[in-house]
Amino acid sequence: MNEWLTARITQPAVLVTVAIVEGSGPREPGAKMLVTAQGQVDTIGGGHLEMCAVEVARRMLDGGVAARLERYALGPTLGQCCGGVVHLAFELVDASLRAVLESLRSRRREESWRLSAIDGPSAALLLDADGRTVAGQGERAPLVDRTRGTHVLKDAAGRRWLADPCLAPRAHLLLFGAGHVGAAIVRMLGELPCTVTWIDEREDMFPSTIPANVTIEATDTPEALVAGAPADASYLVMTHSHELDQRLSEAILARPDVGWFGLIGSKTKRVQFERRMAARGLPRDRIDAMVCPIGLAGITNKLPAAIAASVCAQLLIVWEAQQSVALNQDRAGRISAA
């Protein structure tokens, strides 16, 4: 996830950001890649657009302006079937931008806004959620419309800036179980915009290397992590014990603020768990919200990697819907507070 940010580049580089998309484009505003003389990290969508962007970035590495904004008509100019217009921001990773990126790495789970001057002297700033500058010096930050995503704005002097929200992942998953399927899911989620707490009582089951967005919890009291989880978190239960699965399921469904809950198992397992939960007085609507079996309908392959692909696709559908609702609420709240 965010390879452009997590990559440790020691050679000169240019950061390329999708600043504006008019119509259809291969990636969304805010997508990025880093380009060096020998290679690149991440992608803005591939194809002819990316090839042209790499060429522009490498010309910048040879000397010239520190930042620029280029417009690409995908159909008429590049022959791509997307047919829209994409504006790309190019920024030479100088000392100022490097400091901003270093600070951003340490703030990956916090809300931030990145501001870079497109015109005039090089300038890069990083703001926190309240608009305070946390990295970058010597420049006054222009007023940012935080109801928008990545965009280009002008300050009072007419100078153009790239305004780029670097938001903390809103999706958080508590994954109970460090078996083969759990490990396959963690590997796949390591490439996706989310954070994961991976839980098992068997510490030796966890691999020595985990993705940057994953935190390990080796504990004999996993129910305590359910109680301390943030509101609207997602839960996935797939432990080595049906008894533990039952306890965790009941603890999860006892919470009124569960974003999504999936339990690995068959339809038979679901029926058994439903009967026990109903006998313990859990409300019917909470029980009905439990997803079991997990995964997308039509995928029956039982390989851990196949289950992981199916479940991660299911989670993406849930998380994108939740994010859309949350962003609309945020925008409405900011507009009413303005």
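Screening residue 255 on (1) modelled with pLDDT under 95; (2) closer than 25 Å to residue 169 by Cα; (3) not in a loop (DSSP other than H, G, I, E, B) shows it passes everything except condition (3). Which one of these is outside any helix (DSSP H, G or I) and of a type in the set (Val, Ile, Thr): 56, 35? Every option except 35 fails the conditions. For segment 117-168, taking the residues that are part of a loop (DSSP other than H, G, I, E, B) and under 19 Å from the mean Cα position of the chain (by Cα), the one that is farthest from residue 95 (Cα to Cα) is identified as 147. Of the residues examined, residue 261 is not one that is part of a helix (DSSP H, G or I), surrounded by 21 or more Cβ atoms within 10 Å (Cβ to Cβ) and either of a type outside the set (Ser, Thr, Tyr) or on the phi > 0 side of the Ramachandran plot (or both).
Within segment 285-294, the only residue that satisfies the criterion of being charged (D, E, K, R) and either in contact with a helix residue (DSSP H, G or I) (Cβ under 7 Å, 6 or more places away or on another chain) or surrounded by 12 or more Cβ atoms within 10 Å (Cβ to Cβ) (or both) is 286.
Residue pairs whose Cβ atoms lie under 6 Å apart, sitting 6 or more positions apart in sequence or on different chains, and linking a residue in segment 124-135 that is under 10 Å from residue 104 (Cα atoms) and in contact (Cβ under 8 Å) with a residue 12 or more places away in the chain to a partner that is charged (D, E, K, R) and assigned to a strand (DSSP E or B), are 126/114; 134/128. Scanning segment 208-235 for residues that are hydroxyl-bearing (Ser, Thr, Tyr) and either farther than 15 Å from residue 195 by Cα or assigned to a loop (DSSP other than H, G, I, E, B) (or both) returns 208, 209, 219, 221.
Number of residues in segment 295-318 that are surrounded by 15 or more Cβ atoms within 10 Å (Cβ to Cβ) and either modelled with pLDDT under 95 or part of a loop (DSSP other than H, G, I, E, B) (or both) equals 1.
Can you report the number of residues in segment 190-204 which are farther than 19 Å from residue 226 by Cβ and under 10 Å from the mean Cα position of the chain (by Cα)? So the count comes out to 4. Of all residues in segment 156-181, exactly one satisfies the criterion of being in contact with a helix residue (DSSP H, G or I) (Cβ under 7 Å, 6 or more places away or on another chain) and basic (Lys, Arg), namely 170. For segment 17-32, filtered to residues that are charged (D, E, K, R) and not in a loop (DSSP other than H, G, I, E, B), the residue that is surrounded by the fewest Cβ atoms within 10 Å (Cβ to Cβ) is 22.
The values are calculated or read from the model by the stated rules, or taken from the named source; none is laboratory data. All values derive from a computational prediction rather than experimental measurement. Virtual Cβ from ideal backbone geometry, glycine too; neighbours counted across all protein chains shown.
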